[in-house]
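No value in this document is a laboratory result; all are computed from the given coordinates. All values reported here derive from a predicted model rather than from experimental measurement. Here Cβ is always computed from backbone atoms with ideal geometry, including for glycine, and neighbour counts include all displayed protein chains.
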């Protein structure tokens, strides 16, 4: 396909553990092809670094990662609010996801860390991307605690029991002093709001539930100043 000259770009939507080899094949091909790869870029830090370095050697191609949460209507609005400066300097970002377990995929490849990169990579890369975007900074320290407590413990694949975590707390510290926190639970079916995001600046706060409404808080009054869909 790459040799045919019939395509200008390639979309990679295969299982996570295949991304690295496919990316390197396309980037290193003699003919330029733009790339859109579904998140995550790769499943290991080393592979991500190698892909980034290879892409830098090809200024004739564009390599993009599909982090589509940025374009969900409530999140896109939240990004606009933060960028407008309405909240002042962002100091804290809190994201909570309480949801159902991982969905069934072909051969359930997503049940194992070696295939997916782990729950915090496979699912939560969206949230870490948003934290970095809201903070307008890069992470310098990460603290996390997670466990396998409920999901997939009775499943066996080729003699192996799934090893992905189903709950975690994560704190991320950024180089501008901002902090982000993730509260993840993947055995909380039926939660009123599956995902909640709040961003707090030094003069205001905004929060949203996916999919629900926005609430603004300013000053010492704890009541919402405005709410809209």
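The table below lists the values:
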read-out	value
Normalised contact order of the chain, rounded percent, pairs of Cα under 8 Å and 6 or more residues apart	20 percent
Between helix 73-84 and the chain: long-axis angle, C-alpha atoms, 0 to 90°, nearest 10	70 degrees
Cα long-axis angle, helix 125-135 against the chain (0 to 90 degrees, to the nearest 10)	50 degrees
Estimated inter-spin distance, residue 12 and residue 105, nm [label 7 Å along Cα→Cβ]	1.4 nm
Anisotropy class of the chain from Cα gyration tensor, a/c 1.5 cut	oblate
Cα long-axis angle, helix 45-56 against the chain (0 to 90 degrees, to the nearest 10)	70 degrees
Calculated [θ] (222 nm, deg cm²/dmol) that DSSP helices of n ≥ 4 give over the chain, each run adding -39,500 (n - 2.57)	-6500 deg cm²/dmol
Percent RCO, i.e. relative contact order, over region 7-65, from Cα pairs under 8 Å lying at least 6 residues apart	40 percent
